[in-house]
Structures are given as structure tokens and as C-alpha cells.
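Engineer: Below is one structure. I have some questions about it.
The values are calculated or read from the model by the stated rules, or taken from the named source; none is laboratory data. Since the model is a prediction, treat every value here as computed from it, not as a measurement. Backbone-built Cβ (ideal geometry, glycine too); neighbour counts: all protein chains shown. Accessible surface areas use protein heavy atoms only, side chains included; no ligands, DNA or RNA. Shrake-Rupley method; radii C 1.70, N 1.55, O 1.52, S 1.80 Å.
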Amino acid sequence: MQNPFTTTFSKTPEYTYIHTEKTEEILENFVYENPSESVYKITGVRGSGKTVILAKVEEELKNNENRYINWLVFDVNPTRDILEQIAAMLVKAGFGSEEKKTTGINISATVLGSGGGIGYTADKSNHFFDIGVEVEEMIQNVQKKGRKILIGIDEVSKSEEMIKFASEYGRWLRAGYPVYFVCTGLYENIQELCNVKNLTFFRRATTVKTEPLNMIRMTEMYRSKLNIDVSQARELAKITKGYAYAFQELGVLCFKKKENETLEDILSKLKSELFAYSYEKIWEEMTEMDRFLAGLLTEKEEYKRDEILKLMGEKAGSYSMYRDRLIKRGILNNRQGYVSLALPYFADYIKEYC
């Protein structure tokens, strides 16, 4: 039997997907004829399910035509020219005139590699060609035909291409075009892009932070897919702390469990996988002060504010700012005055490798 769990980053779990309220929060907005929100920023720690939320939103708008009517969904690569990709996708969807195809936008069998596909080229003899104007004209055609566009971009960051696209998108918003934008990104990358001059709309856009997976849903998934009883499944779910990558990784390891393997053996493997493929990168991306604060929280499960201030000593004045940063990044939990590390075995990683 095929393993139903998956640990491939950016891959949507086919058989072990756990629905979250964050997905429905976005889709509920898009079900209306005129959605009230145009832009969503999905943020969270690596491995927390940002890409899965975006993929599920795109999938629903594409395939659930009974609920979501007249949507075009464009999944865009942030490392290539974004406006060119959107132009090519609009042409493919039938919204580019024949005249424009001959002057600025062409079908190419080689643009996307040997497999062929839609591409975009500009006629160098046309001194008045402007990609922004071309795309806007096609968007106007989309609007006239009563269609709506969702642009999805995974893992945005402050780049020349993103700034160029976002500047154009701001114009489309002001013009009232039916173009909607959902992106994912690490907290620090989202913040950096928010601070770019003239991108006020992006700064004010709704931020959706990933949340821990639901304990009951994880338990039921482990119970059904691993064929174990509820108490065993609940124990496994608690170990993951709701961290999506840990949930999938533990599922993979338990599914492949050998007869002579104990739970302790499996958890040792789980820690190795988390440390190597997730926590090393998370730690690398943290600032020196982030690391200092996280490093103080490794000896017990939860800490009171006064305990942490005492441990911080002369740096205590910075506590609130860095606590809030780590909460927004998904590294810390804050519960009724108590603070704790949000990721399973992250304290062990800090003590053993940092």
C-alpha cells in the first residue's frame, strides 16, 4: 500500500490533507460576486502549511464551479517576469486580440522548454510597446466578460520582479478591476515587501497566519491511515504540536515502521528529519536576538513573563518586541501569560546543535 503521508515541501498532501479555518476564511470572501478583500498574505514558519492553504484556494476556485463562478486562476512563478507570465496566461485563456498577438505576445514552442507552451515576447521594432498597458487591456476584456482573476504567488520576497508586479497591481486595484491576489511568504520577507515605498495596499492587506493543525483531526487521520487505536493516535498527534511538517513526517515514519521498531526509535528519526530539513534553516534565518530569546526557553515547557525577564538580564527591555516577532514568525506560542516554543523538539535542537 502506498504511504498516504508526504514530506515533500510545497506538495499538497492528497490523502492526509487536514482542512484549516484559514483556508475557509479566504474562500468565504471569494464566494461573493464582489469580494470585499482583494489581497491576502499567508505567512508562517517553514513547514507550517502556507503553500497548502494557497494550493487549496486555487484548487477550489478552479474546480468548484458550482460555488465559485467565472474564475480564472493564474499560479505565477515569482522568480520569472511576473507580468510576462500573466500576459501569456491571459492570451492562453483567450483574452488577447489577434492584433496584439502579432505585435507583442506570441505563442512559442520553446519558451517553456522542450515541452512547449505559451510565452511572451516583445517586438523590438515597436518602440511604444508597454507590458503594463497590454496586460491592462486584456484585464479590461476579462472584466467585460464578467470573469474574475486570482493571481497566486508562493514564497514572495522583495525582488525587482515582485516590486514591478505589485506596482502594476496597485493600479489595477485603484481602477476597480476584478483581479485578486493571494501570496505566501515568511514573516520577514512579507514585512520587507510591505515596507517598499508606494506599496501601501500590500501593507494594509489582510494577513493570514498559519495555525497549528487541529488535534482531533490529526488524531482521526492517524487512527484511520495507520490503523491504530484512538489513544495511540492521540499520543502521536500531541507529539507534533500541530506542526504540519512534523505531522506528515511522523506519519511517514509510523507507516514504514518495522516490527522491531519502538516509538522511541521512530521519534529519534523524527528529530533527525526535523533538525536537518526544517530547524537548521529556521535557525539560520533568525536574528541574533531571536536566537538569544529562544535559547532561554529550552529547559521547560512554558515560562512566565517575569521568569524570562530575569533570564534576559540587561536585555529585558527588548523582551516584548522580540517575543512578538517570534510569535508572528510561528516560533513561539503565547498562552495566558505563558510563553513556549511552538515547534516540537525545537528546544532539543537548540541545546544539541546551537
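Engineer: Looking at region 302-325, which of its residues are part of a helix (DSSP H, G or I), open to solvent by less than 60 Å² (accessible area, probe 1.4 Å) and in contact (Cβ under 8 Å) with a residue 24 or more places away in the chain?
Structural biologist: The answer is Ile308, Ser318, Tyr319, Tyr322, Arg323.
Engineer: Mind listing whichever residues of region 64-80 are open to solvent by 80 Å² or more (accessible area, probe 1.4 Å) and among the β-branched types (Val, Ile, Thr)?
Structural biologist: Ile69, Thr79
Engineer: Still on this structure, I have one more. Considering only helices (runs of 4 or more DSSP H) fully contained in region 165-240, which possess at least 1 residues that are surrounded by fewer than 16 Cβ atoms within 10 Å (Cβ to Cβ) and of a type outside the set (D, E, K, R)?
Structural biologist: 200-204, 215-226, 230-240
Engineer: For region 153-169, name all the residues that are touching a Phe, Trp or Tyr at 6+ places or on another chain (Cβ under 7 Å) and over 14 Å from Asn195 (Cα atoms). Walk me through how you get there before you give the answer.
Structural biologist: Taking region 153-169 first, the residues touching a Phe, Trp or Tyr at 6+ places or on another chain (Cβ under 7 Å) are 166, 169.
Matches in region 153-169: Tyr169 only.
Engineer: Under 6 Å between Cβ atoms, which residue pairs at least 6 apart in sequence (or on different chains) link something in region 1-18 that is under 19 Å from Arg223 (Cβ atoms) with a partner that is open to solvent by 80 Å² or more (accessible area, probe 1.4 Å)?
Structural biologist: Correct list of pairs: Pro4/Tyr15; Ile18/Arg217.
Engineer: A further question follows. Considering region 264-276 alone, what residues qualify as being without any contact (Cβ under 8 Å) to a residue 24 or more places away in the chain and either over 25 Å from the mean Cα position of the chain (by Cα) or surrounded by 14 or more Cβ atoms within 10 Å (Cβ to Cβ) (or both)?
Structural biologist: Those that are without any contact (Cβ under 8 Å) to a residue 24 or more places away in the chain and either over 25 Å from the mean Cα position of the chain (by Cα) or surrounded by 14 or more Cβ atoms within 10 Å (Cβ to Cβ) (or both): Glu264, Asp265, Ile266, Ser268, Lys269.
Engineer: Where the second residue is buried (at least 20 other Cβ atoms within 10 Å of the Cβ) and the first is without any contact (Cβ under 8 Å) to a residue 12 or more places away in the chain and lies in region 202-223, which pairs have Cβ atoms under 6 Å and are six or more apart or on separate chains?
Structural biologist: Partner pairs satisfying both residue conditions: Arg223/Ala233.
Engineer: Right, another one. Evaluate region 199-207: report whether one residue or more is among the aromatic types (Phe, Trp, Tyr) and under 26 Å from Lys41 (Cα atoms). Explain how you work it out, then say what you get.
Structural biologist: Keep residues of region 199-207 that are among the aromatic types (Phe, Trp, Tyr), which gives 201-202.
Then drop every residue that is not under 26 Å from Lys41 (Cα atoms), which leaves 201-202.
Looking through region 199-207, at least one residue is among the aromatic types (Phe, Trp, Tyr) and under 26 Å from Lys41 (Cα atoms).
Engineer: For region 6-38, which positions are hydrophobic (A, V, I, L, M, F, W, C) and open to solvent by less than 10 Å² (accessible area, probe 1.4 Å)?
Structural biologist: Ile26, Leu27, Phe30
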